[in-house]
1. Below 19 Å, Cα to Cα, which aspartates and glutamates can B:Lys7 reach? Residues fewer than 8 away in the same chain don't count.
2. Please average, across the residues of B:28-34, the number of beta carbons from any other chain that are within 10 Å of each residue's own beta carbon, and give a whole number.
3. Projecting each Cα onto the charge dipole of chain B (Lys/Arg +1, Asp/Glu -1 at the beta carbon, about the Cα centre), which of B:Tyr111, B:Thr95, B:Ala19 comes out farthest on the positive side?
4. Limiting things to C-alpha atoms, what are the Rg and the maximum Cα-Cα separation (Dmax) for chain B, in angstroms?
5. Which is the longest part of chain A that has none of the trypsin sites (Lys or Arg not before Pro) sitting in a DSSP loop with at most 16 other Cβ atoms within 10 Å?
6. Report the Stokes-Einstein translational diffusion coefficient (µm² s⁻¹, integer) for the protein assembly as shown, Rh taken as the Kirkwood radius over Cα pairs, at 4 °C with viscosity 1.567 mPa s.
7. Under a GNM of chain A (C-alpha, springs under 10 Å), which listed residue has the highest mean-square fluctuation: A:Asn11, A:Asn67, A:Asn50?
8. What Rg and what Dmax come out for region A:5-132 when only alpha-carbon atoms are used, in angstroms?
Amino acid sequence: MSVGETRVEINSDQDIVIARQKGRVLASELGFSSGDATLIATAISELARNIVSYAHKGEIKVKGIQNSTRVGILVVASDDGPGIADIRQALRDGFSTSGSLGLGLPGVRRLMDEFEITSQLGRGTIVAVKKWRQ
Amino acid sequence: MEVPILKQGAFLIATFQAALSDADLNHLRMGLVQQVVKFRSRAVIVDVTAMDVMDSFASRTLREIAHMIRLRGAETVIVGIQPEVAFAMVQLGLTLEGVATALDLEEGLAYLNEKFKISN
């Protein structure tokens, strides 16, 4: 039951901007408030940046989703990069955002409602996040 | 996308556009510091009113700009952070510690004029 879907290949820092703009447009089309669209666009920006920084290339998929009661948005960031050795550490606060190192993943988790990560060393990482419309 | 830097007396004003890439931000960081040196500016106002997303990289770059400019003996004021952007920044745990902020360009100029009124 997808409402709309968009996919952006991430190869450079320019693509980070494109991905978050497309994500914002889709979020608005799905009826998210502009405040929530900003949160979603910021989360996409962080996820896309991780791809550029650590995997160099990958993709961001954004699509509308629906369960029995609510409309939401799903963002999937995937790459074939080096993977994350210690996911628990990567999700720990303070191991992130404000410093120069870190993946900003705890922040992304706070911006969104649902957060799922799978990563395999040497294989890549998939981060899937959802936000439901209020 | 180049960020225009305006000279206004002893101050410089840099106005961010909506869709700045990392490369643009890095470029701006160098450009601003060079201009502060060139014009012997006392302060820089960075207007981010048009920015719709302030992620970890953009915040870090702003902090670095402010820090570099402080080392030059000048001050930086960030103006125009939108309420939604501020909310997202807080959720992400991003801070602009030690960097002056003001509501908008007018307030930023008023703050600096007050601060430097003796010497201006």
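Every number here is computed from the coordinates shown, using simple stated rules; none is lab data. Every value quoted in this text rests on a predicted model; they were computed, and no experiment measured them. No Cβ is skipped: glycine too gets one built from the backbone with ideal geometry, and neighbour counts run over all protein chains shown.
1. B:Asp47, B:Glu75, B:Asp104, B:Glu106, B:Glu107, B:Glu114
2. Working: counts 0, 0, 0, 0, 0, 0, 0.
Per residue, the number of nearby Cβ atoms from other chains is 0 on average.
3. Farthest towards the positive pole: B:Tyr111.
4. 13.4, 40
5. Details: sites that count: A:Lys57, A:Arg70, A:Arg92, A:Arg123, A:Arg133.
Free of exposed loop sites, the longest segment is A:1-56.
6. Once the numbers are plugged in, D ends up at 68 µm²/s.
7. A:Asn67
8. In order Rg, Dmax, the Cα atoms of region A:5-132 give 13.7, 42 Å.
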